[in-house]
Amino acid sequence: MTKRPRVFSGIQPSGTLHIGNYLGALHNWVIDQDKYDNFFCIVDLHAITVPQDPAQLRAKVRELAALYLACGISLEKSTVFVQSHVSAHAELGWVLNCQTPIGWLNRMTQFKDKSAKQETVLAGLMNYPTLMAADILLYAAEYVPVGEDQKQHIELTRDVAERFNHLYGETFVIPKPLIREVAARIMGLDEPTAKMSKSTTALGHAIPLLGDPKATRKAIMRAVTDSGAEITFDRERPGVHNLLNIYQKLAGGTQAEIEAHFAGQGYGTLKREVADVVLATLEPIQTRYNELTADAGELDAILARGAERASEVANATLLRAYQRVGLR
Ligand code: TYM
């Protein structure tokens, strides 16, 4: 049997998980689960690069673990674990910090965006990408399935790994981003020129995975569109484009088929059909989520097993990297 290529990805346990996270990342992880040897992480160390309420953070970690499973991540096919449970992440992150020119971090667009929103910019926020590089490199991941907004971070990971390999000899596998063409960047319903964001709490902005169905339908029906009437994948009309993108990812079909399906219809019909496919997707996820969260002990046991499996792989890479730079 040929070995399946390794995949690593993660989501921060912060804010409210939305349909963008699902369509851009989680859903793709699930679809491709059989193709790869998967490591899916709950990146709590990344979450603390901006201030978090400790009790809430702890609850969010369990919530996200349950959501991974509710969305269809299978423990037979994937290792699910929490980043802070595997100390190698922080340790390799430090080694990579000591190998990364500060100018590379200063150029990161997410750092610029996020730091502009903070009263005090913490050093951890700047070093966020080196920790992300550590996540990926520890598992020798060949592919990293993410939404489009993470592309620059993965490019940095490649640069850091190449620099390290060049200086110290072959140590890390150089990963590639796995970004789907459809729904790699879902936009806010209220502002279709801005990315749908976990941290934006404005009502009507996001479609939360655990949201109330009535509120979700209402938000979709009120989504900002333009004054035109045609339902086509025209990028000049970002509101309609965004709704069609969500529809295409969930209902399937080519752009031409979908445009033919909606030909002669109004925006009301488009919104109603988008709401129908979204709610049909979310309903079983929410049901499963409620079952899973009923037993916190079982979730904790799952995460402990995941951390054990992840540690085995991660510690071997960490030791190699430590030795390369003259430690241990
Ligand atoms: P995070 O937690 O912001 O987002 C999780 C995943 O969701 C994708 N995503 C989107 N996709 C489409 N449309 C959107 N509006 C949208 N918003 C978010 C993200 O691209 C991501 O795939 N830095 C990462 C977490 C991370 C990580 C890693 C990812 C830490 N270490 C190692 C991969 C590998 C982040 O903040 O994702």
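The values are calculated or read from the model by the stated rules, or taken from the named source; none is laboratory data. Here the structure is a predicted model, which is why all the values come from computation and not from measurement. Because the Cβ atoms are built from the backbone with ideal geometry, glycine has one as well, and the counts that use them run over all protein chains shown. In case anyone asks, the SASA skips ligands and DNA or RNA and just uses the protein heavy atoms, side chains included. Shrake-Rupley method; radii C 1.70, N 1.55, O 1.52, S 1.80 Å.
What single numbered condition from (1) more than 10 Å from the ligand (Cβ to nearest atom); (2) closer than 14 Å to HIS46 by Cβ; (3) free of Cβ contacts under 8 Å to residues at least 40 places away in the same chain fails to hold for GLU162?
In the conditions (1) more than 10 Å from the ligand (Cβ to nearest atom); (2) closer than 14 Å to HIS46 by Cβ; (3) free of Cβ contacts under 8 Å to residues at least 40 places away in the same chain, GLU162 misses (2) alone.
Name the pairs: first residue in the range 254-268 and over 9 Å from THR232 (Cα atoms), second residue among the hydroxyl-bearing types (Ser, Thr, Tyr), Cβ to Cβ under 8 Å, at least 6 apart or on different chains?
Cβ pairs passing all conditions: TYR267/THR225.
When residues of the range 191-220 are filtered for being within 14 Å of the ligand (Cβ to nearest atom), open to solvent by 60 Å² or more (accessible area, probe 1.4 Å) and either more than 21 Å from GLY10 (Cβ to Cβ) or assigned by TED's automatic domain parsing to the domain that holds LEU318 (or both), how many remain?
Total meeting the criteria: 2.
Pick out, from the range 89-140, the helices (runs of 4 or more DSSP H) lying fully within it that include 2 or more residues that are open to solvent by 10 Å² or more (accessible area, probe 1.4 Å) and small (Gly, Ala, Ser). I'd like the intermediate steps shown before the answer.
On the way: elements: 102-106, 109-116, 123-126, 128-138.
It comes to 109-116, 123-126.
Return the residue satisfying two criteria in turn: it lies in the range 142-172 and is of a type in the set (A, V, I, L, M) and part of a helix (DSSP H, G or I), and of such residues it is most open to solvent (accessible area, probe 1.4 Å).
Checked the range 142-172; the qualifying residue most open to solvent (accessible area, probe 1.4 Å) is LEU167.
Taking ALA301 as the residue in question, decide whether it is without any contact (Cβ under 8 Å) to a residue 60 or more places away in the chain and loosely packed, with under 13 Cβ neighbours inside 10 Å.
Considered against the rule, which asks whether it is without any contact (Cβ under 8 Å) to a residue 60 or more places away in the chain and loosely packed, with under 13 Cβ neighbours inside 10 Å, ALA301 comes out as yes.
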